[in-house]
Amino acid sequence: MKSNRIAIIGMAGRFPGARNTAEFWRNLRDGVESIRDRTGAELLAAGASPADLANPDYVKRASILDDVSLFDAAFFGFSPRDASIMDPQHRHFLECAWEALEDAAHPPQQFHESGGGSIGVFAGSGMNTYLIHNLLANRRLLASSGLFQLKQTGNDKDVLATRVSYQLDLRGPSINVQTACSTSLVAVHLACQSLLNFECDMALAGGVTIEIPHGLGYIYREGEIQSRDGHCRPFDASSSGTVFSSGLGIVVLRRLEDALADHDHIRAVILGSAINNDG
């Protein structure tokens with residue numbers, strides 16, 4: 001009988017207050033709140049206006065990714081100029097895709113040469129605010145590079161998955177997923193279906209969102225989704241909303257029987273998945 005079970009054999013991520021999944025688990029275990037208070041000076045340096053800070057409804061709290069501006073361009077063969085116009089969401093997702101495959105102990109070349117098969121990528125990203133606030137605002141850069149290169153080649157949501165496939169020489173399906181807040185979960189579902197249909201033999205699935213400008217607070221407005229005081233209190237009577245954040249997560253998936261045969265480190269097993277009109 002054909003098994004529908006999928007093994008999670010690797011993972012990588014970057015989160016506010018946690019540079020990797022081990023630190024993230026430690027924060028969850030210890031009940032660490034990673035939304036930070038921000039001083040007026042920090043907020044001004046991040047791009048807030050004096051008028052924002054004077055507004056009594058301005059919430060001076062933010063979720064911050066450490067080293068959000070960094071990228072190991074040389075490792076992936078990018079020139080400094082190409083790296084500088086790349087959406088930080090793409091930069092961090094590419095780095096974590098490699099980290100996830102390393103965590104699974106299956107570097108792409110080794111996996112291919114050992115006869116493991118093809119590797120698929122299923123991924124999605126948030127709105128590219130780096131393009132809006134940093135690149136299009138730079139008239140000299142826009143004139144020298146052209147809108148197509150800035151918008152499409154280095155920054156479009158549609159090339160996130162295919163960029164990873166190209167850079168890492170992954171030869172399975174490369175599918176960009178966009179279902180708003182459920183994007184990463186739907187990416188996992190589609191990756192599972194691709195594995196079960198033998199369209200690929202291993203898959204990366206996940207998502208990324210990085211807010212630019214980074215580290216700003218926000219203005220609380222009655223009746224909207226954001227929290228009055230900058231704290232998230234799920235399922236609590238005192239909850240007043242959420243706080244938007246930046247983060248990234250990727251899992252590496254294989255059919256369970258293949259993972260068992262190769263003695264992979266199995267973190268969890270997905271028994272089944274489904275989607276509806278909201279992911």
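Summary table below
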{"quantity": "In segment 21-70, the residues that are under 20 Å from Val243 (Cα atoms) and among the basic types (Lys, Arg)", "calculated": "Arg36, Arg38, Lys60, Arg61"}
{"quantity": "Residues of segment 167-187 satisfying the condition of being touching a strand residue (DSSP E or B) at 6+ places or on another chain (Cβ under 8 Å) and open to solvent by 30 Å² or more (accessible area, probe 1.4 Å)", "calculated": "Arg171, Pro173, Ser174, Ile175, Asn176, Gln178, Thr179, Ser184"}
{"quantity": "Residues being in a loop (DSSP other than H, G, I, E, B) and in contact with a His (Cβ under 9 Å, 6 or more places away or on another chain) - total across segment 179-218", "calculated": "3"}
{"quantity": "Which listed residue, of Ile219, Ile212, is within 28 Å of Ala46 (Cα to Cα), at pLDDT 95 or above and of a type outside the set (Phe, Trp, Tyr)", "calculated": "Ile219"}
{"quantity": "Residue within segment 247-257 that is of a type in the set (Lys, Arg), in contact with a helix residue (DSSP H, G or I) (Cβ under 6 Å, 6 or more places away or on another chain) and assigned to a strand (DSSP E or B) present", "calculated": "yes"}
{"quantity": "Residue list for segment 245-259, filter: surrounded by 14 or more Cβ atoms within 10 Å (Cβ to Cβ) and either more than 19 Å from Leu185 (Cβ to Cβ) or of a type outside the set (S, T, N, Q) (or both)", "calculated": "Gly247, Leu248, Gly249, Ile250, Val251, Val252, Leu253, Arg254, Arg255, Leu256, Asp258, Ala259"}
{"quantity": "Residue list for segment 93-117, restricted to those being open to solvent by less than 10 Å² (accessible area, probe 1.4 Å) and not aliphatic (A, V, I, L, M)", "calculated": "Phe93, Cys96, Pro108, Phe111"}
{"quantity": "Members of segment 23-51 that are out of contact with any Gly (no Cβ under 6 Å at 6 or more places or on another chain), in a loop (DSSP other than H, G, I, E, B) and closer than 24 Å to Gly249 by Cα", "calculated": "Gly31, Val32, Glu33"}
{"quantity": "Test: residue in segment 61-83 that is charged (D, E, K, R), out of contact with any Leu (no Cβ under 6 Å at 6 or more places or on another chain) and within 25 Å of Glu224 (Cα to Cα)", "calculated": "yes"}
{"quantity": "Residue among Leu195, Leu150, Leu160, Leu131 that alone is in contact with a Lys or Arg (Cβ under 9 Å, 6 or more places away or on another chain), in contact (Cβ under 8 Å) with a residue 40 or more places away in the chain and open to solvent by less than 10 Å² (accessible area, probe 1.4 Å)", "calculated": "Leu195"}
{"quantity": "Residue among Val188, Val208 that is touching a residue at least 12 places away in the same chain (Cβ under 8 Å), under 27 Å from Glu257 (Cβ atoms) and β-branched (Val, Ile, Thr)", "calculated": "Val188"}
{"quantity": "Complete set of residues in segment 141-166 that are closer than 30 Å to Gln110 by Cβ and either of a type in the set (A, V, I, L, M) or out of contact with any strand residue (DSSP E or B) (no Cβ under 6 Å at 6 or more places or on another chain) (or both)", "calculated": "Thr153, Gly154, Val159, Leu160, Ala161, Arg163, Val164, Tyr166"}
{"quantity": "Residue match in segment 71-78 (condition: without any contact (Cβ under 8 Å) to a residue 60 or more places away in the chain, open to solvent by 10 Å² or more (accessible area, probe 1.4 Å), closer than 26 Å to Gly10 by Cα and in contact with a His (Cβ under 8 Å, 6 or more places away or on another chain))", "calculated": "yes"}
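The values are calculated or read from the model by the stated rules, or taken from the named source; none is laboratory data. Note that this is a predicted model, so its numbers are computed, not measured. Every residue, glycine among them, receives a Cβ derived from its backbone with ideal geometry; neighbour counts consider all protein chains shown. Side chains included, ligands, DNA and RNA excluded: accessible areas come from the protein's heavy atoms. Shrake-Rupley method; radii C 1.70, N 1.55, O 1.52, S 1.80 Å.
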